[in-house]
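K.L.:
Before I ask anything, here is the structure I am working with.
FYI, it's all coordinate maths here, none of it is from the lab. The shown structure was predicted, so the numbers you read here are calculated from the model rather than taken from an experiment. Heads up, the Cβs are rebuilt from the backbone with ideal geometry, glycines too, and the neighbour counts pull from every protein chain shown.
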Amino acid sequence: LIGLVLFNHHVPGAKIFALGVALNVIVMVANRGWMPVTQETYRFVHPDRVVSLYTRPVASKNIILPRPETRLWLLSDIIRVALPWRRNAVSIGDLLLILGVAFFIFRVTAKNTDRMSSHQTIKKVP
């Protein structure tokens, strides 16, 4: 991660992206390698599934923990997102990852737009 930031610090959004990765790694390391989520939040995302405390859902990076037993709870998957087609729970780190990627895309496309407009000439109509 440190190498990624050092080699790509000039890339727009790279530092924000790296901060998001770092926050996710920190909370996962603090919770024995898993991203904690509360039972309530898991039920919000998957209302059709039954889940017990201290279990790991199949094919998931999550572990179901009660809030008082979650280390660095504020950095865990606590933000509930409800879209018309899907529900999810994300962390502050996830939001920073998305922001870093969005900033990169915005800056790259804005630069291309600026280059295109600088090559265009305005013709005066008599």
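K.L.:
Tell me yes or no: at least one residue of the range 93-113 is within 15 Å of Ala30 (Cβ to Cβ), assigned to a loop (DSSP other than H, G, I, E, B) and either more than 15 Å from the chain's Cα centre (by Cα) or in contact (Cβ under 8 Å) with a residue 40 or more places away in the chain (or both).
P.N.:
Let us first name the residues in the range 93-113 that are within 15 Å of Ala30 (Cβ to Cβ), namely 93.
If we keep only those that are assigned to a loop (DSSP other than H, G, I, E, B) too, we end up with none.
No, that holds for no residue.
K.L.:
Moving on to the next point. Across the range 1-55, which residue is farthest from Gly93 (Cα to Cα) among those that are over 13 Å from the mean Cα position of the chain (by Cα) and of a type in the set (Phe, Trp, Tyr)?
P.N.:
Selected residue: Tyr54.
K.L.:
Now for a separate question. Just give me the residues in the range 42-69 being closer than 22 Å to Trp85 by Cα and in contact with a Lys or Arg (Cβ under 6 Å, 6 or more places away or on another chain), in sequence order.
P.N.:
Phe44, Val45
K.L.:
Name every residue in the range 61-86 that is surrounded by 13 or more Cβ atoms within 10 Å (Cβ to Cβ) and of a type outside the set (Val, Ile, Thr), in order of residue number.
P.N.:
Of everything in the range 61-86, those that are surrounded by 13 or more Cβ atoms within 10 Å (Cβ to Cβ) and of a type outside the set (Val, Ile, Thr) turn out to be Lys61, Asn62, Leu65, Pro66, Arg67, Arg71, Leu72, Trp73, Leu75, Ser76, Asp77, Arg80.
K.L.:
Considering the range 1-56 alone, what residues qualify as being over 20 Å from Asp77 (Cβ atoms), in contact (Cβ under 8 Å) with a residue 60 or more places away in the chain and not basic (Lys, Arg)?
P.N.:
If the condition is that a residue be over 20 Å from Asp77 (Cβ atoms), in contact (Cβ under 8 Å) with a residue 60 or more places away in the chain and not basic (Lys, Arg), then Val11, Pro12, Gly13, Ala14 are the ones that fit.
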